[in-house]
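The values are calculated or read from the model by the stated rules, or taken from the named source; none is laboratory data. Computed from a predicted model, the values in this text were never measured in an experiment. FYI the Cβ positions are ideal-geometry reconstructions off the backbone, even for glycines, and counts take in every protein chain you see.
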């Protein structure tokens, strides 16, 4: 079946697809930054976990401005950084003889990164404003293991706030392309390869499935462990994507909340995840309250 979105949903799609492109550009720019540092023999990425984190970025900005003393650069690191000052000095030793051209190139990359990040934040606020009246749907989807606020907004942009175009969860799974194909000839099954479907939803579901199976205590972890010895990782992720897709239809179409059916999840872990999700929602302008989490019944 084909989906012709209305004017409002086309706006949602335009915003979220543009944000996805900017996010990809940011990743590519980060890779170019790492290549530039590697070429200049600055080994900062080997001692910090996030090259674009607060500490690393502060040191890189100082390096771009012309700082040559590794000790002065190391002092700019946050105290919580695991790398010691000695390790940072060793990684930044090449800054003493860094060619001014490399400093200018570094400055250009950092400036471009800042621009991309500002545009992404603007799109976040734009999408939150567009989905203000559907914030409950965003919240319900964000509670599903493997999904989050951003994934929930992307899904709603692709299928609608209530998935009303699709009569059933099977119709949605077929449209997305996360169900086995049925190509037959003379009564013989030729292939079970999934149809192409909506590539944006397939990407979201694939990422969500890979994240969901790592959620300890979730039903998706249980299903993954049961299926992966027989199907292998790739086909098992496809099966999890199919299950997630049908679950999304139920949550949106019927307006119900997600209930975990896997083994009991620790109350502390649930509290941390819920608090993080609500903080993200509030930063986008949604009005949500922190629910009380009841202890799991054994």
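Being crowded, with 20+ Cβ neighbours inside 10 Å, modelled with pLDDT under 95 and assigned by TED's automatic domain parsing to the domain that holds residue 166 is a condition met by no residue of the range 228-235. Among the residues of the range 266-290, the one identified as loosely packed, with under 10 Cβ neighbours inside 10 Å, part of a loop (DSSP other than H, G, I, E, B) and modelled with pLDDT under 70 is 289. Residues of the range 77-101 that are in contact (Cβ under 8 Å) with a residue 40 or more places away in the chain and within 32 Å of the chain's Cα centre (by Cα): 87, 88, 91, 92.
When 131, 105 are checked against the criterion of being surrounded by 18 or more Cβ atoms within 10 Å (Cβ to Cβ) and touching a helix residue (DSSP H, G or I) at 6+ places or on another chain (Cβ under 7 Å), 131 stands alone in meeting it. For the range 69-76, the count of residues that are closer than 22 Å to residue 108 by Cα and under 30 Å from the mean Cα position of the chain (by Cα) is nonzero. Looking at the range 143-221, the helices (runs of 4 or more DSSP H) lying wholly inside it that each contain 1 or more residues that are under 16 Å from the mean Cα position of the chain (by Cα) and modelled with pLDDT of 85 or more sit at 149-159, 199-212.
The sole residue among 21, 79, 125, 119 that is exposed (fewer than 12 other Cβ atoms within 10 Å of the Cβ) and either closer than 30 Å to residue 8 by Cα or modelled with pLDDT of 95 or more (or both) is 21.
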